[in-house]
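The values are calculated or read from the model by the stated rules, or taken from the named source; none is laboratory data. None of the values given here were measured: they were computed from a predicted structure. Note: ideal-geometry Cβ built from the backbone for every residue, glycine included; neighbour counts use all protein chains shown.
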Amino acid sequence: MNNYTFRIKRFDPENDTVPRWEEFHVEMAPTERVLDGLIKIKDSVDGSLTFRRSCAHGVCGSCAMKINGKNGLACQTLIKDVSFSPDTVITLEPLPALPLIKDLVVDMAPFFEKNDKVLPYLINNEPPPERERLQSPEDQHTILQSITCIMCGCCTSSCPSYWADKEYLGPSALLKAYRFIFDTRDRSTEARLERVAQVHGLWRCHSIYNCVEVCPKEIDITGHIAKLKSLSVKKALSGRKSLKKK
Amino acid sequence: MKGVWGWLFQRVTGVILVAGLLIHFIIMHYSGPEQITYQYVMERFSNPLWKLFDLAFLISVVYHGFNGLRGIVLEYVSSAKLLKALQIALLAFAFLLTATGVYILTA
């Protein structure tokens, strides 16, 4: 067990006008997680410390925050990976670029609104088959990575294009668009491309790779967005006839 | 879909710039400042292939640069009025530079 220092950016909307830094010292084993530290602080030092967490096992995406300057999941980050010696301070901040509510909690509404814009559900008006709509293992493989997204918001809030342009759909929503556009069971590619290939859509991605860098599920988001760009170009080159039919 | 051609052309001009800049730098650097005289430039201009190269290079540079600036404006400017004004200004400036270049090349 070592004594670790947590430096946490705090904000109480009832008393603070700007966020302030507060330090906490916690006895922890280096193999424990950052989330364990937060829970210890809340349980035994300061019950007013506010943060989101639900599953605590890297599935729900609730505990996304900026850990030592890099977005990530507190439940998936071990103390020994961010604090190489007990003297190293562990800095925790809320996700950037999203409205701050309290301490490490941000308003995710703008993030989910972007997600809704790309029609994030299967659209297929063909009569349903007797059993399920089948998909070959190869077809499944095309969208496998994009399906593992847990929508924690690490990517979009780490994207410099999103920092500058709050209308930008952001990497997460574009990845969701990929997930359905390249799903062989889906029939609404054109409607989705129409929403995605826009001034505040695909073309605001400048392949900065911050999203890939921070993704806790290690998804090659920039690569997926590049495939959407190339699909848009192919559609434009092959004429807009197919678009007009729908 | 919007902006597909604009983006594609940005990529195409980018590729032209990689090759074009290399040729441009070699000429400017290795011919030496004392050699780039009126005579030398006019001799180059009399060759239609160099004219074509210079024209393609000019259009690529202006488009790539100004479309890049437009991208920055689209991202950082939220006021609709200012956005429109800046885009018109950029377009006018790009047009002025292209026209000047074309005039020099064809005069």
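Helices (runs of 4 or more DSSP H) wholly in segment A:112-195 with at least 3 residues that are within 14 Å of another protein chain (Cβ to nearest Cβ) and of a type outside the set (D, E) - which ones? Explain how you work it out, then say what you get.
Working: elements: A:137-147, A:160-164, A:170-181.
Because the criterion is at least 3 residues that are within 14 Å of another protein chain (Cβ to nearest Cβ) and of a type outside the set (D, E), the helices (runs of 4 or more DSSP H) in segment A:112-195 that meet it are A:160-164, A:170-181.
Are there any pairs, at least 6 apart or on different chains, whose C-beta atoms fall under 7 Å, with the first in segment B:87-101 and under 14 Å from B:G68 (Cβ atoms) and the second assigned to a helix (DSSP H, G or I) and among the charged types (D, E, K, R), and if so, which?
Sorted first by the residue in segment B:87-101, then by its partner, the pairs are B:Q87/B:R70; B:L90/B:R70.
Working carefully through the options B:A85, B:A56, B:A107, B:A80, find the one that is under 17 Å from B:G6 (Cα atoms) and of a type outside the set (K, R). Outline the logic, then answer.
On the way: B:A85 fails: under 17 Å from B:G6 (Cα atoms); B:A107 fails: under 17 Å from B:G6 (Cα atoms); B:A80 fails: under 17 Å from B:G6 (Cα atoms).
Exactly one of B:A85, B:A56, B:A107, B:A80 is under 17 Å from B:G6 (Cα atoms) and of a type outside the set (K, R), namely B:A56.
Are there any pairs, at least 6 apart or on different chains, whose C-beta atoms fall under 9 Å, with the first in segment B:29-46 and within 16 Å of B:G101 (Cα to Cα) and the second in a helix (DSSP H, G or I), and if so, which?
Listed pairs, sorted by first residue: B:R44/B:I27; B:R44/B:W50; B:R44/B:K51; B:R44/B:D54; B:F45/B:K51; B:F45/B:D54; B:F45/B:I104; B:F45/B:L105.
Output the helices (runs of 4 or more DSSP H) that fall wholly within segment A:202-246 and possess 2 or more residues being modelled with pLDDT under 95, or say none. Outline the logic, then answer.
Numbers: elements: A:210-214, A:221-237, A:241-245.
Output list reads A:221-237, A:241-245.
Suppose we filter segment A:177-216 for residues that are charged (D, E, K, R) and surrounded by 19 or more Cβ atoms within 10 Å (Cβ to Cβ); how many remain? So that I can check it myself, show each step before the final result.
Just the residues of segment A:177-216 that are charged (D, E, K, R), to begin with: A:179, A:183, A:185-187, A:190, A:192, A:194-195, A:204, A:213.
From the residues that got through so far, the ones that are surrounded by 19 or more Cβ atoms within 10 Å (Cβ to Cβ) too are A:179, A:183, A:192, A:204.
Total meeting the criteria: 4.
For segment B:63-86, enumerate the residues that are of a type in the set (S, T, N, Q) and in contact (Cβ under 8 Å) with a residue 24 or more places away in the chain. Show your work before the answer.
Just the residues of segment B:63-86 that are of a type in the set (S, T, N, Q), to begin with: B:67, B:78-79.
B:N67, the sole residue that qualifies.
Any residue in segment B:45-61 that is within 24 Å of A:P160 (Cα to Cα), more than 14 Å from chain A (Cβ to nearest Cβ) and at pLDDT 95 or above? Break it down stepwise before answering.
The initial filter retains those residues of segment B:45-61 that are within 24 Å of A:P160 (Cα to Cα), namely none.
No, because not a single residue in segment B:45-61 is within 24 Å of A:P160 (Cα to Cα), more than 14 Å from chain A (Cβ to nearest Cβ) and at pLDDT 95 or above.
Quick check on my filter: what residues within segment B:62-107 are farther than 21 Å from B:G14 by Cα, among the hydroxyl-bearing types (S, T, Y) and more than 14 Å from chain A (Cβ to nearest Cβ)?
B:T100, B:Y103, B:T106, listed by residue number.
Inside segment A:1-102, counting only strands (runs of 3 or more DSSP E) that do not spill past its ends, which hold 3 or more residues that are surrounded by fewer than 20 Cβ atoms within 10 Å (Cβ to Cβ)?
Numbers: elements: A:2-10, A:20-28, A:64-67, A:70-73, A:90-93, A:100-102.
So the answer is A:2-10, A:20-28, A:100-102.
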